[in-house]
Amino acid sequence: MSDSPRTVLIAGGAGGLGPTVVRRLLPDYTCVVQYRSDDSWRRLQTEVGAAEQLHGVQADIRDEESVRRA
């Protein structure tokens, strides 16, 4: 792995497959997870463990204005 930090945006990362995807990527990437609700974000953090390289952005990707704000 390179010394430069790598970041990946995971849209819908707090959904059904999210924890599996995030667990796989966390060792090598800073993961920015898009989530819709605070509850789904908390569940993801509980499942994968809060990590320094795990960040969340609340947005509904079906809503253009929500994505712009994020």
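The values are calculated or read from the model by the stated rules, or taken from the named source; none is laboratory data. Predicted, not measured: the structure shown is a model, and the values here were computed from it. Because the Cβ atoms are built from the backbone with ideal geometry, glycine has one as well, and the counts that use them run over all protein chains shown. For accessibility, only protein heavy atoms count, side chains too; no ligands or nucleic acids. Shrake-Rupley method; radii C 1.70, N 1.55, O 1.52, S 1.80 Å.
How many residues are assigned to a loop (DSSP other than H, G, I, E, B) and in contact with a Leu (Cβ under 7 Å, 6 or more places away or on another chain) when one looks only at the stretch 31-40?
Residues in the stretch 31-40 being assigned to a loop (DSSP other than H, G, I, E, B) and in contact with a Leu (Cβ under 7 Å, 6 or more places away or on another chain): 0 in total.
Under 9 Å by Cβ, and 6 or more places apart or on different chains, what pairs join a residue from the stretch 22-42 that is within 19 Å of residue 59 (Cβ to Cβ) with one that is open to solvent by 40 Å² or more (accessible area, probe 1.4 Å) and among the basic types (Lys, Arg)?
From residues that are within 19 Å of residue 59 (Cβ to Cβ), the pairs are 30/6.
Of all the residues that make up the stretch 1-30, how many are part of a helix (DSSP H, G or I) and open to solvent by 40 Å² or more (accessible area, probe 1.4 Å)?
4
Restricting to the stretch 10-53, name every residue that is closer than 18 Å to residue 66 by Cβ, modelled with pLDDT of 90 or more and touching a strand residue (DSSP E or B) at 6+ places or on another chain (Cβ under 6 Å).
Residues satisfying the conditions are 10, 32, 33, 34, 35, 41.
Does the stretch 41-69 hold any residues that are open to solvent by less than 60 Å² (accessible area, probe 1.4 Å) and not in a helix (DSSP H, G or I), and which are they?
49, 51, 54, 56, 57, 59, 60
I need the full set of residues from the stretch 3-35 which are among the charged types (D, E, K, R) and more than 14 Å from residue 50 (Cβ to Cβ), in order please.
Passing the criteria: 3, 6, 24, 28.
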